[in-house]
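The values are calculated or read from the model by the stated rules, or taken from the named source; none is laboratory data. Since we're looking at a predicted model, the values are computed, not measured. In this analysis, Cβ positions are derived from the backbone assuming ideal geometry, glycine residues included, and neighbour counts consider all displayed protein chains. Areas reflect the complete protein model, heavy atoms only, side chains present, ligands, DNA and RNA absent. Shrake-Rupley method; radii C 1.70, N 1.55, O 1.52, S 1.80 Å.
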Amino acid sequence: METVTIKTEYIKLDALLKFAALVSSGGEAKEVVGEGLVAVNGEVCTMRGKKLRKGDVVSFDGRTVRIEADEN
């Protein structure tokens, strides 16, 4: 499992997909989320603007990413 560290309270799902290099563009993020190919905490999520916080886990295309918070 990979980890992504964010410095803000949350990150939106489509932004996380791009930030973690799970997709190459915002358009691709919109497409894969809309098609139900992304899971958040084990459940399919079709809301690309879903707010993700520390501890959330995102899975797509065989990769899994856990969100960590920058404590500084």
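Here are the numbers for this structure:
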read-out	value
Count of segment 14-47 residues which are assigned to a loop (DSSP other than H, G, I, E, B), more than 20 Å from E2 (Cβ to Cβ) and either open to solvent by 60 Å² or more (accessible area, probe 1.4 Å) or not small (G, A, S) (or both)	3
Filter result for I6 (touching a residue at least 24 places away in the same chain (Cβ under 8 Å), surrounded by 17 or more Cβ atoms within 10 Å (Cβ to Cβ) and more than 9 Å from the chain's Cα centre (by Cα))	yes
Output for segment 12-26, where each listed residue is β-branched (V, I, T) and over 14 Å from V38 (Cβ atoms)	none
Residue satisfying condition, being touching a residue at least 24 places away in the same chain (Cβ under 8 Å), open to solvent by 60 Å² or more (accessible area, probe 1.4 Å) and more than 12 Å from L16 (Cα to Cα), within set D70, D61	D61
Within segment 35-47, considering residues that are in contact (Cβ under 8 Å) with a residue 24 or more places away in the chain and more than 9 Å from the chain's Cα centre (by Cα), the one farthest from K12 (Cα to Cα)	L37
